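Okay, so here's the structure we're looking at.
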């Protein structure tokens, strides 16, 4: 039986993506640190959509957890058709003022675990000649981000990595999509302290549900890069023609 595995599925965009896949008949493997939240979501989706839902609590900022997750899926004969790498963290502060443990967690979760899980689950998709990978990047991926330096850098990696493997997978029956949402109403924004930034206050911020609906449709269309929102698309395109010094000033102002 084939499943869609979603990391960071306990809240925000991850939770709403689980609902999108569920209402389209996809059985799920839900992964996050909060077992209670996952169990509640699994019960809701099973009852509403009559699908199979497996819950696997895991802290993917710990490198060994990716391998454990893969082994558990293999032991339980859970074959992953779609992998949604949504788990991630952020931090809104000057780099010199941040705690290293937070930055290390960000690097491991936003980049290392995403890459490791892709490396573990992708071979079976290619062998089966079907499936896809949805990596949640950000509009932060298109430029450097003062006061969120490491976060912006990790999302640039996600975008670059996703586009590269999507090109490699051409003709294989498998694809990769990089989702690039802008600021979104979710628990992530508050945890990263982004909800206090000028960027968050100045924009018309969409809901996690809006972003998830767009993400699912883009994934089904096998888009390589999916930027949510008209203004975000315009801003991402303008990066290439905006002088670098001016870009840094603008992002500094919005994030500070």
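Scan the range 6-18 and tell me whether some residue there is closer than 19 Å to residue 115 by Cβ, assigned to a helix (DSSP H, G or I) and modelled with pLDDT under 95. Among the residues of the range 6-18, not one is closer than 19 Å to residue 115 by Cβ, assigned to a helix (DSSP H, G or I) and modelled with pLDDT under 95, which makes the answer no.
I'd like the full set of residues that are outside any helix (DSSP H, G or I) and exposed (fewer than 13 other Cβ atoms within 10 Å of the Cβ), limited to the range 33-61.
Step one: list which residues in the range 33-61 are outside any helix (DSSP H, G or I), which gives 33-34, 50-61.
Once the filter is applied, which keeps residues that are outside any helix (DSSP H, G or I) and exposed (fewer than 13 other Cβ atoms within 10 Å of the Cβ), the range 33-61 yields only 50.
One residue stands out in the range 170-192 among those that are modelled with pLDDT of 95 or more and surrounded by 19 or more Cβ atoms within 10 Å (Cβ to Cβ): the one that is farthest from the chain's Cα centre (by Cα), namely 174.
Just give me the residues in the range 240-254 being at pLDDT below 80, part of a helix (DSSP H, G or I) and more than 25 Å from the chain's Cα centre (by Cα), in sequence order.
The first filter runs over the range 240-254 and keeps only residues at pLDDT below 80, leaving 240-245, 247-249.
Subsequent filtering for residues that are part of a helix (DSSP H, G or I) retains 240-241, 244-245, 247-249.
Matches in the range 240-254: 241, 244, 245, 249.
Out of curiosity, is residue 30 crowded, with 22+ Cβ neighbours inside 10 Å, over 29 Å from residue 127 (Cα atoms) and at pLDDT 95 or above? No: the conditions fail for residue 30.
Inspect the range 11-22 for any residue being more than 17 Å from the chain's Cα centre (by Cα) and closer than 21 Å to residue 209 by Cβ and give the result as yes or no. Yes, because at least one residue in the range 11-22 is more than 17 Å from the chain's Cα centre (by Cα) and closer than 21 Å to residue 209 by Cβ.
Output the residue which, of all residues in the range 36-61 that are within 20 Å of residue 80 (Cβ to Cβ) and free of Cβ contacts under 8 Å to residues at least 24 places away in the same chain, is farthest from the chain's Cα centre (by Cα).
Of the range 36-61, the ones within 20 Å of residue 80 (Cβ to Cβ) are 38, 41-42, 45-46, 49, 51-60.
Narrowing the set further to residues that are free of Cβ contacts under 8 Å to residues at least 24 places away in the same chain leaves 42, 46.
Numbers: 42: 20, 46: 23 Å.
Top of the filtered list is 46.
Among residues of the range 200-210 being modelled with pLDDT under 80 and in a helix (DSSP H, G or I), the one that is farthest from residue 7 (Cα to Cα) is 202.
Looking at the range 62-172, the helices (runs of 4 or more DSSP H) lying wholly inside it that each contain 2 or more residues that are touching a residue at least 40 places away in the same chain (Cβ under 8 Å) and closer than 21 Å to residue 226 by Cβ sit at 114-128, 149-168. Scanning the range 134-152 for residues that are surrounded by fewer than 24 Cβ atoms within 10 Å (Cβ to Cβ), under 17 Å from residue 245 (Cα atoms) and over 14 Å from the mean Cα position of the chain (by Cα) yields a count of 6. For the range 211-232, the set of residues classified as crowded, with 16+ Cβ neighbours inside 10 Å, modelled with pLDDT under 85 and part of a helix (DSSP H, G or I) consists of 232 only.
The values are calculated or read from the model by the stated rules, or taken from the named source; none is laboratory data. Since we're looking at a predicted model, the values are computed, not measured. Cβ coordinates were reconstructed from backbone atoms using ideal geometry, including for glycine residues, and neighbour counts include every protein chain displayed.
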